Structures are given as C-alpha cells and as structure tokens.
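Accompanying notes for the structure given below.
The values are calculated or read from the model by the stated rules, or taken from the named source; none is laboratory data. All figures in this text were calculated on a predicted structure; none of them were measured in a lab. All Cβ positions, glycine included, derive from the backbone under ideal geometry; neighbour counts span all protein chains shown. Just the protein is used for accessible areas: all its heavy atoms, side chains included, with ligands, DNA and RNA removed. Shrake-Rupley method; radii C 1.70, N 1.55, O 1.52, S 1.80 Å.
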Amino acid sequence: QVQLVESGGGLVQAGGSLRLSCAASGRTFGTYTMGWFRQAPGKEREFVAAISWGGVDTDFSDSVKGRFTISRDNAKNTVYLQMNSLKPEDTAVYYCAVTRYYRNHLAPTFYDYWGQGTQVTVSS
C-alpha cells in the first residue's frame, strides 16, 4: 500500500509559477515510477509528466513540454512538479500517482495508487 499526498496548488496569474509536491508513504517509494495527471471540469484525466524510479527517464505531454519539469527526492519520498509560464488552460486538479513500470507511464489505468489531488487555478 502506498499513500500519496499532494500539496502546493493554488491561484496564480498567467505567466506565473507553482511547484507541486507529492509525498509518499508506505511501500518502497524509490522503486516506482511517479506520474502527474490533471483533470479539468468536464474533461478526462490527462497525462502531464512522469519520472522513472531512478530519475533518469522523464516524459511530458506536448502541452507542458518546455514549461514544466519533474524531479524526485527518494530520500524524502517526494516527487515535485515545477510549473512555469502557466496558462489559463493549465487550470485543473492535479494528481500524483504511482505505477510499477516506466513503460506504462502514459495511461492512467496502469497506475496503482493515487493522491487526492490539488487544485491549480491560473487566471488570465
């Protein structure tokens, strides 16, 4: 069992930055791939970013590439999502999640554990 708790969401103006954190507890954090997803009202949950267990491999959706970065600190059991140059279309609830294998990082169905989400609102 893995428990995930996101934090760092909030209201920011377009062009601003936020850093989301996801603290994990339970089973060995360092062996899992971590992903960030988001869901806007009336839309499906979509992939944002992922990082492999060692931090060597990362991936981003086209919509955030070049603006967001993902990192992890396995000693602190925490993964981060640094979001820069935020746009109103980035407004959503952001979720972190855990999957066993990096090769499965794009699809929500392959993730075993999810956090409760944190709201990010970007005003124009």
Name the most mobile residue of A75, A14, A107, meaning the one with the largest mean-square fluctuation, in a Gaussian network model of the chain with Cα contacts below 10 Å. A75
Using a Gaussian network model on the chain with a 10 Å cutoff between Cα atoms, which of S21, S52, S85 fluctuates the most? S85
Karplus ³J(HN,Hα) for segment 66-71 (6.51 cos²θ - 1.76 cosθ + 1.60, θ = phi - 60°; Hz, whole; x = Gly/Pro) runs x, 10, 10, 10, 10, 8
Straight distance only, please: which lysines reach the Cα of K65 with their own Cα at less than 23 Å, same-chain residues fewer than 8 apart left out? K43, K87
Given a 1.4 Å probe, how much area per residue of the chain is accessible, in Å²? 51
On a C-alpha basis, how far is the centre of segment 1-48 from the centre of segment 66-119 in Å? Whole number, if you could? 4
Between Q119 and Q3, the two model label points (7 Å from Cα along the beta-carbon direction) sit apart by a distance in nm of 2.4
Estimated dipole of the chain in Debye, rounded to 20 [Cβ of Lys and Arg +1, of Asp and Glu -1, Cα centre]: 140
Only bridges whose two residues both fall in the chain count here: according to DSSP, what percent of them are antiparallel, nearest 5? 90
Need the full-extension length gain, S25 to N74, defined as separation in residues times 0.36 nm minus the C-alpha distance. One decimal, nm. 16.5 nm
GNM result for the chain, Cα springs below 10 Å: residue of T109, T99, T58 fluctuating most strongly: T109
